Structures are given as structure tokens and as C-alpha cells.
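Below is one structure, written out as C-alpha cells; comments come after it.
The values are calculated or read from the model by the stated rules, or taken from the named source; none is laboratory data. Because the structure is predicted, anything quoted here is derived from the model rather than measured. Cβ coordinates were reconstructed from backbone atoms using ideal geometry, including for glycine residues, and neighbour counts include every protein chain displayed. Ligands, DNA and RNA are stripped out before the accessible areas are found, and what is left, the full protein with its side chains, is counted by its heavy atoms. Shrake-Rupley method; radii C 1.70, N 1.55, O 1.52, S 1.80 Å.
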Amino acid sequence: SYLSVDKAKNIGGGVSIFNNYDETVYGINFNSYKMNSSKEDERFSGNKHQINLIFGIQKEDERLYISPIYMKQTLKNKSSLKNLKKEYIGLTAAYRQDFYLYDLEGKFSYDLEFNAIRENKEKERKTDGKISLKYQNEYEIYNMTLVPSIETSYKYTFKDSSKKEDKEKLGIKIGVTAKKETFEVFLGGEVRKSLNNRNCENVYTTSFKYKF
């Protein structure tokens, strides 16, 4: 989320549709969230809707993609009863490389990600970058493949004209993926800790993927 708050309880979900042609990947992603948050003595509620177009190149051990973003956000201040509506456009670019270490079982990967976003009305701008390292290993259990994983990340905000975002964050994410031939299910949780103050975010994720 591009809203920085002291306490937040956001619930939402999304749908992604992808198509692979040789090494080319393209698709579209929809996300929608119900937001409840508080900052100091103020309380907010609202909705956020986001759409991404995804274009990329995916090989056996590396992936590169670019994703234009459109986001619409509506917030209501429960104290002053004022409504705040914002629209954002942005771009995400990311690169992933898989690798193996000596005779260790399992696969490592590192990700480099860059985000830039702009609010249309008030011209707020934000750019940030993130680097992460992930380890995962596969286990065959009852005709199903289980893939536990652990990921650490460091995020740095280069520019934030609204001055709402923490400049540096560390994250740790733990999850497990269950795979069969035509579908995947992922369950995971992540903790993101600011290096500038006491802010801490807890994020829980579940996703389902079906291959046509």
C-alpha cells in the first residue's frame, strides 16, 4: 500500500490472468481492498482498487517484467467526515535470477524491483527500490509437491513528496506452496519493520493459481 499509517487493517483480494508464448509473458491483474486505518488521533476507512498490465520475458532461471499501474483510492476521515479521493498512475519494473549454492539442496533467487508512482490531482510522487533474497526447496508428499520458502528484503524510498512513507524497511516472509499439475495454492505471512521508527506491518497472503 502507498498509504503509510500507524495502524492498519486492510482486507482484499485480486485476480490475475497470464498467457505464456515461448519466453514471452503478458497478462492483467486486478486488486481490490477494504481499508481501515488510524494515524495519531484520526481514523479512516475506504476502498482501494488497482489494475496492472504485465509484460515480461521468462526463461528457465530468470525473469524480467514491466507493469504499468492505475490505482483509485477513496478514504473517509471518521473524525471530520471528510472524503478524500485520489487516483494514481505508476510503473513497476522487476528482475529475478535463480541460482544454486554448491551441493546445498533447494534453490536461491534474488529480486531487484523499482517502483514509481504519481498522484494525478495533488502531483504527489514516490519512487522506491527493493532487493530481496529467497530460498525454497521442494518435497514430494502424497502426489503433491510442497515448496516451503523464506525470503528477506530491504526496501529504500528514494523520493516521497507526501513524506508519509518510511525511508527504509526490512522484511521477512515465510510461506508454503502446494502444487499439482494444473493448480497451485500459496499461504504466507510477512513482517515489514521500519528502520527509521517503530512502525511495523504484518501482512498475510493466500493465492490460488490454475493453469489452463
- How many residues does the range 71-87 contain that are open to solvent by 20 Å² or more (accessible area, probe 1.4 Å) and in contact with a strand residue (DSSP E or B) (Cβ under 7 Å, 6 or more places away or on another chain)? 9
- Any idea which of Leu64, Leu81, Leu53 is more than 21 Å from Cys200 (Cα to Cα) and at pLDDT below 90? Leu81
- Note on the structure: Checked Phe99, Phe108 against criteria (touching a Lys or Arg at 6+ places or on another chain (Cβ under 9 Å), open to solvent by less than 40 Å² (accessible area, probe 1.4 Å), among the aromatic types (Phe, Trp, Tyr) and farther than 19 Å from Glu165 by Cβ); the one match is Phe108
